[in-house]
1. Could you sort Trp172, Trp213 by their accessible area in this structure, using a 1.4 Å probe and putting the largest first?
2. Hey, what number do you get for the chain at 222 nm if only DSSP H runs of n ≥ 4 count, each worth -39500 (n - 2.57), divided across all residues, to the nearest 500?
3. Quick check: at a probe of 1.4 Å, how many percent of the accessible area of segment 388-446 sits on carbon and sulfur atoms?
4. How much length, in nm to one decimal, is gained on full extension between Glu137 and His363, taken as 0.36 nm per residue of separation minus their Cα-Cα distance?
5. Of Trp642, Trp354, which has the most accessible area and how do the rest follow, probe 1.4 Å?
6. How do 392-401, 320-329, 137-146 rank on mean C-beta neighbours within 10 Å, highest first?
7. Calculate the spin-label point distance for Glu482 paired with Glu439, positioning each point 7 Å from the Cα along the beta-carbon direction, and give it in nanometres.
8. What FRET efficiency would be calculated for the residue pair Asn264, Lys180, taking the C-beta separation as r and a Förster radius of 22 Å, to the nearest 0.05?
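The values are calculated or read from the model by the stated rules, or taken from the named source; none is laboratory data. No experiment lies behind these values; they were computed from the predicted model shown. We place every Cβ from the backbone using ideal geometry, glycine too, and count neighbours over all the protein chains shown. Heads up: the accessible areas ignore ligands, DNA and RNA and are worked out on the full protein's heavy atoms, side chains in. Shrake-Rupley method; radii C 1.70, N 1.55, O 1.52, S 1.80 Å.
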Amino acid sequence: MKKYKGLLAVLALAAGSALQAQTNELVIQAGKPGAEIQPTMYGLFFEDINYAADGGLYAELVKNRSFEFPQHFMGWKTFGKVSLKDDGPFERNPHYVRLAYAGHPHKQTGLDNEGFFGIGIKKGAEYRFSVWARVAEGETPAKIRVELADTKSMNEQQAFVAADVTVDSKEWKKYQVILKPEVTNPKAILRIFLASRQTVDLEHISLFPVDTWQGHENGLRKDLVQALADIKPGVFRFPGGCIVEGTDIASRYDWKKSVGMVENRPLNENRWQYTFPHRFFPDYYQSYGLGFYEFFQLSEEIGAEPLPVLSCGLACQFQNPNMDAHVPLCDLESYIQDALDLIEFANGAVDTPWGKIRADMGHPAPFNLKLIGIGNEQWGKEYPEHLVPFVKAIRKKYPDIKIVGSSGPDSEGEQFDYLWPEMKSLKADLVDEHFYRPEAWFLSQGARYDNYDRKGPKVFAGEYACHGKGKKWNHFHASLLEAAFMTGLERNADVPAGDIGVGGREVGYMYGMYKKLAQENTGTFTGKGREFGGSLIRPEATGYGNVYFLLEMLNTRGIDIKGKTVCVSGSGNVAQYTVEKVIELGGKVVTMSDSDGYIYDPDGIDREKLDFIMELKNLYRGRIREYAEKYGCKYVAGARPWSEKA
């Protein structure tokens, strides 16, 4: 957590000419430090626009790798005897190609892939070519030749690296080979020749750099993710944006189609292909290779809180003014279930349906999701009407999850003024505000949050950009104005959302705000840390007192706690220090819990195990089920520990 304190200074800016000089003063009041800057103050927003996913962050180099684009050979050039089939091994991606002998030893069969604006290749780097293939006819193995080539080269050979792959089975199998070029080429192509007379079928043709972020095989570009990680984001919002809504309901981002075996994730239309005819990209689709599992994994690896955004059943309202384009309220059940299932996918135990899918993908531990957005830039009375059943269902099943609502697409005006009271009425935890505004707006908004209601929902500034007149791209002046606007965010850091979860730091912050508002240093906040003026025993007081009260009760019956089995409910500050004191006095604690369920450890929670729980809960904000996974004890979901014997 950073705390920005001013230094007493006077900045004199001299500007003038031989005739006149002007002096400006900037006075920083060191005696009035501002609000605490929480770790979640700044973060990242990702949307698949301008080839941000396929062709961008997602490291796949082959376009249309499963031939599922509506124009099945878009991105490919075929030569010789190439035919398209649609009974492949992957149900949701059934298309594949068949390569047959060209009929003459001097003729060739094969295909080229252009990649995304060319295939960028670096000298000395390794690239993993993979393909699902089978021998189509007969028993003789088939062979393909894989090349990276420069079709504009004046050298004797276009290919600058090549390898052969032998296909030796009539059953579908995955084959792969590593290519290591000795040249750099930003505009290469991938070329595949049929190198035998035997007919062969090819599906899911893929090329990845071996050196992806964290070495993941279905990975992300290492250089781009490193740049994101270096920002040290506190929160990561994904997958959009307007692609969450879709131009129509059918083209919305469907998270369930984006998880599981990557070869079987279906193609989705990308609304940014055609939204602006003046920026038209007919070959822009979503492979879902970068799906929700990869988004959660990325959030974890760059140290950011994940914030997934889901459809509320409203398609893009800019593109659909009529209500018949949207999901009726009576048909929202499956969309609400999508939200509940997503939380289970992120946080559920490995024996839950969606938790098992996460575990099978390689991540048995939960992702510790705390936030979820429902809807994007929605507006009108239809948005609160659609949001209400989501809020009820999530609050009932997952009361700890914080819900992010929306104030619409505008930073002020009729819809903004209508939606904020609606979000308060629904008790949304945060309200997403978006600002795509001109330079003058950013100059005028430095005090925007000075008078916001401190008792209402927090602000989540999910999207903002300064658009210079006639130049909407990034440039210094726009960045400077955005930074000036952000000083107002920091000055009002108690309005934008802070830490998710409450502990000693948060209580200390609350006490600081109390002093600031009351202009006095009286009263006590239980749990106030020593760094905020709390007493030495303040964090332990309630937990220890819990045990001392128990001791007095036992003493009336002449019973000693030493050697006794104790059940504790909870795993927060009070429960932790209750357990600590019981251990100190010789008792054996066998249970602890959180809102998801409880653990039962018949061997008892010793000092080492308690340290793990304190680190899990206080530092990583984890779930108690992770204790059971680590120490191999019983975990009971959705229950309290009072049925256990003590």
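1. Numbers: Trp172 50, Trp213 20 Å².
Ranked list, largest accessible area first: Trp172, Trp213.
2. Details: 13 runs with 149 residues, N = 646.
It lands at -7000 deg cm²/dmol.
3. On the way: 1510 of 2700 Å².
Accessible surface attributable to carbon and sulfur in segment 388-446 totals 56 percent.
4. Details: separation 226, 0.36 × 226 = 81.36 nm, distance 3.98 nm.
Length gained between Glu137 and His363: 77.4 nm.
5. If we order Trp642, Trp354 from most to least accessible, we get Trp642, Trp354.
6. Details: 392-401: 14.6, 320-329: 12.7, 137-146: 16.7.
Final packing ranking: 137-146, 392-401, 320-329.
7. Those two pseudo-labels are separated by 1.6 nm.
8. Details: r = 30 Å, r/R0 = 1.36.
Taking R0 as 22 Å, the efficiency between Asn264 and Lys180 is 0.15.
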